[in-house]
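Student: Just passing along the structure, written as structure tokens.
FYI, it's all coordinate maths here, none of it is from the lab. These figures come from a predicted structure and were not determined experimentally. Please note: Cβ atoms are built from the backbone with ideal geometry, for glycine as well, and neighbour counts cover all protein chains shown.
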Amino acid sequence: MQRAKFIVGGVLILAAVVYLIASSTQASAEYFMTIDELKAKEQEVVGRNMRVSGAIIGVGAVTNLTGIKWKIAINIVIAWILTIPVSAFLAAGILKLIFPYF
């Protein structure tokens, strides 16, 4: 009897978690497209949350170097370089704070 209650409770909790994940994903869905895909589906994407990706800096470098906002490009490169070391140091610091309690 006790085991059946545990299983029913676990299934109910799992169902609630799955429902919450599914409903929040649908409510905040964004669509990722390249520039060419966006041009092909112009009217279909009106009113949707969109994120456009593409090789903007690469195309700009080929066509016209003065059209690139170098400050933004340098900030992107610095962020790429610093992300992993900063994450590692943060994780190590948090582990050092928490580890004595375990």
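Student: Return the lysines within reach of LYS69: Cα separation strictly under 16 angstrom, same-chain partners fewer than 8 residues apart disregarded; answer none if there are no such residues.
Tutor: Result set, ordered by chain and number: empty.
Student: Round to the nearest 0.05 the FRET efficiency obtained for ALA79 and LYS41 when R0 = 30 Å and r is the Cβ-Cβ distance.
Tutor: On the way: r = 31 Å, r/R0 = 1.02.
So the FRET efficiency works out to roughly 0.45.
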